[in-house]
1. Residues in the range 24-63 that are assigned to a helix (DSSP H, G or I), within 15 Å of residue 91 (Cβ to Cβ) and in contact (Cβ under 8 Å) with a residue 24 or more places away in the chain: how many?
2. Look at residue 107 and say whether it is more than 17 Å from the chain's Cα centre (by Cα), more than 22 Å from residue 8 (Cα to Cα), loosely packed, with under 11 Cβ neighbours inside 10 Å and modelled with pLDDT under 95.
3. Restricting attention to the range 81-96, report how many residues are more than 21 Å from residue 15 (Cα to Cα), in a helix (DSSP H, G or I) and in contact (Cβ under 8 Å) with a residue 12 or more places away in the chain.
4. For the range 66-80, does any single residue satisfy the condition of being within 17 Å of residue 21 (Cα to Cα), touching a residue at least 60 places away in the same chain (Cβ under 8 Å) and in contact with a strand residue (DSSP E or B) (Cβ under 9 Å, 6 or more places away or on another chain)?
5. When you scan the range 14-23, how many residues do you find that are closer than 17 Å to residue 84 by Cα and either modelled with pLDDT under 85 or in a helix (DSSP H, G or I) (or both)?
6. Take the residues of the range 6-35 that are in contact with a helix residue (DSSP H, G or I) (Cβ under 8 Å, 6 or more places away or on another chain) and surrounded by fewer than 14 Cβ atoms within 10 Å (Cβ to Cβ): which is farthest from residue 54 (Cα to Cα)?
């Protein structure tokens, strides 16, 4: 199976995504692929709050672990909702679940 991932914030048109998915290409949506930038910012904040100076290797290792977790979450969520291999479905549903869980925990719903 071929794979492609967006490298920016949702640059592929919905029609392009449909074509890729219908062609059997494993398509990684920008919201999942670009989470690395957000994660890197969080790692920087964590490092700064602890007044630490991490090596490149440590920061890279932490980021790799986060990204593996994002991949697994998207993959497993798609499987759980009957869309195996569909990273768009997995990323969307996983995102909605996280927001809903946070709202429930805070007593908003």
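1. Count: 7.
2. Details: more than 17 Å from the chain's Cα centre (by Cα): yes; more than 22 Å from residue 8 (Cα to Cα): yes; loosely packed, with under 11 Cβ neighbours inside 10 Å: yes; modelled with pLDDT under 95: yes.
In short, yes.
3. Here is the first cut: in the range 81-96, the residues more than 21 Å from residue 15 (Cα to Cα) are 81-82, 94-96.
Then keep just the ones that are in a helix (DSSP H, G or I); that gives 94-96.
So of that shortlist, the ones also in contact (Cβ under 8 Å) with a residue 12 or more places away in the chain come out as 94-95.
Total meeting the criteria: 2.
4. no
5. Just the residues of the range 14-23 that are closer than 17 Å to residue 84 by Cα, to begin with: 17-18, 20-23.
Next, from what is left, pick out any that are either modelled with pLDDT under 85 or in a helix (DSSP H, G or I) (or both): 17-18, 20-22.
Residues flagged as closer than 17 Å to residue 84 by Cα and either modelled with pLDDT under 85 or in a helix (DSSP H, G or I) (or both) within the range 14-23 amount to 5.
6. Applying the first criterion (in contact with a helix residue (DSSP H, G or I) (Cβ under 8 Å, 6 or more places away or on another chain)) to the range 6-35 yields 6-12, 17, 21, 26-29, 31-32, 35.
After this cut, where a residue has to be surrounded by fewer than 14 Cβ atoms within 10 Å (Cβ to Cβ) as well, the list is 7-11.
Working: 7: 26, 8: 27, 9: 28, 10: 31, 11: 33 Å.
The residue in question is 11.
The values are calculated or read from the model by the stated rules, or taken from the named source; none is laboratory data. What you see is a predicted model, and the numbers here were worked out from it, not measured in a lab. All Cβ positions, glycine included, derive from the backbone under ideal geometry; neighbour counts span all protein chains shown.
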